[in-house]
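Peer 1: Just passing along the structure, written as structure tokens.
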């Protein structure tokens, strides 16, 4: 499991660092999508300014994961991004390649969180002991 974790951490970290940094370099390789709804969604994020915040989060998460610092926290912070990325890939812009990217994003994110999963169980308590 340790080798799987390390490989996933490095790939995920490089992927997010590159994806986030690429937006600010204007290389023009940010996919907008192949369907009209995917393009509308992506352009709405860009025009609203929210996309820049997402890309900053990707850079920070990628750097933390690559540096092997705060990986669990970065993985948890990445869960909302992973959900949106998966939705975009599976629903808004479906196809073989987008589906593979959606699956990979979910898998890598879960692999990063998995070793620390016992820290999440207290969050799932249905009824608190506190008054």
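All of the numbers you see were taken from the coordinates with simple rules; none came from a lab. In this text, all values refer to a predicted model and were calculated from it rather than measured experimentally. With ideal geometry, Cβ positions are generated from the backbone for all residues, glycine too; neighbour counts draw on all protein chains shown.
Peer 1: When a/c is below 1.5 the answer is rounded, else prolate if a/b is larger than b/c, else oblate, so apply that to the chain with a ≥ b ≥ c taken from the square roots of the Cα gyration tensor eigenvalues.
Peer 2: It is prolate, given that a/c is not under 1.5 and a/b is the larger ratio.
Peer 1: Let me have the relative contact order for the chain, percent, based on Cα pairs under 8 Å that are six or more residues apart. Can you show the working numbers first?
Peer 2: Numbers: 115 pairs, mean separation 37.1, N = 131.
Relative contact order for the chain comes out at 28 percent.
Peer 1: Follow-up. Counting other C-beta atoms within 10 Å, which of 93, 129 has the fewest, and how do the rest follow? Don't skip to the answer; put the middle values down first.
Peer 2: Values: 93 23, 129 5.
The fewest-first ordering by Cβ neighbours comes to 129, 93.
Peer 1: Springs between alpha-carbon atoms under 10 Å, Gaussian network over the chain: tell me which of 70, 20, 102 tops the mean-square fluctuations.
Peer 2: So, out of 70, 20, 102, the one fluctuating most is 70.
Peer 1: Still on this model: Between segment 100-115 and segment 24-95, how far is it from one alpha carbon centroid to the other, in angstrom?
Peer 2: 14 Å
Peer 1: Please report 3, 37, 85 as a ranked list, fewest other C-beta atoms within 10 angstrom at the top and most at the bottom.
Peer 2: Working: 3 7, 37 12, 85 21.
If I rank by nearby Cβ atoms, fewest first, I get 3, 37, 85.
Peer 1: Same structure, new question: Using 1/(1 + (r/R0)^6) with R0 = 25 angstrom and r between the beta carbons of residue 4 and residue 91, what's the FRET efficiency to the nearest 0.05?
Peer 2: Details: r = 28 Å, r/R0 = 1.13.
E(calc), rounded to 0.05, equals 0.35.
Peer 1: Now, a different point. Full-extension gain between residue 129 and residue 76, please, as 0.36 nm times their residue separation minus the C-alpha to C-alpha distance.
Peer 2: On the way: separation 53, 0.36 × 53 = 19.08 nm, distance 2.53 nm.
Gain on extension, residue 129 to residue 76, equals 16.6 nm.
Peer 1: Follow-up. Got a sec? How would 110, 124 order by Cβ neighbour count within 10 Å, fewest to most? Provide the component values of the computation, followed by the final result.
Peer 2: Numbers: 110 14, 124 6.
Fewest-to-most ranking of 110, 124: 124, 110.
Peer 1: Moving on. In the Gaussian network model of the chain, springs joining C-alpha atoms below 10 Å, which of 59, 84, 71 carries the largest mean-square fluctuation?
Peer 2: 84
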